[in-house]
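Derivation of every value follows stated rules applied to the coordinates shown; laboratory data play no part. Predicted model, so just to flag it, every value in this text is computed and none were measured. When we count neighbours, we look across all protein chains shown, and the Cβ atoms used for this are built from the backbone with ideal geometry, even at glycine.
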Amino acid sequence: MIKVFESFDYMEAGRVRSLLEANGIETFMKNEYSTGAIGDLPFQEVAPMVFILDERDLPLAQRLIADEG
């Protein structure tokens with residue numbers, strides 16, 4: 001797995017995940033449900049992170065994310 005995106009904004013991370021999956025890239029989102037722990041855990045530990053499962057998808061994922069921003 002390769003981390004391709006991280007944001008403290010859950011909605012932004014979700015949009016990136018949806019964008020990648022809509023283009024055939026399998027993803028995993030770490031800390032998808034951890035935002036409720038902010039305050040109990042350090043904020044750096046609960047930021048949603050989007051990973052891709054296949055490193056061959058990295059160039060396409062990076063291009064899609066760059067075009068989105």
In order through the range 3-16: 3J(HN,Hα) via Karplus (6.51 cos²θ - 1.76 cosθ + 1.60), integer Hz, x for Gly, Pro:
6, 10, 7, 8, 7, 6, 8, 4, 5, 5, 4, x, 5, 5
May I ask for the net charge around Leu53, where only other residues with Cβ less than 13 Å from the Cβ of Leu53 are counted and Lys, Arg are +1 while Asp, Glu are -1?
-1
Counting Lys and Arg as +1 and Asp and Glu as -1 over every other residue whose Cβ sits under 12 Å from the Cβ of Ile25, the net charge comes to -2
Net charge contributed by nearby residues that have their C-beta within less than 15 Å of Gln62 (K/R +1, D/E -1):
-2
Label-to-label distance, nm, for residues given as Met29 and Gln62 (7 Å Cα→Cβ offset)
2.4
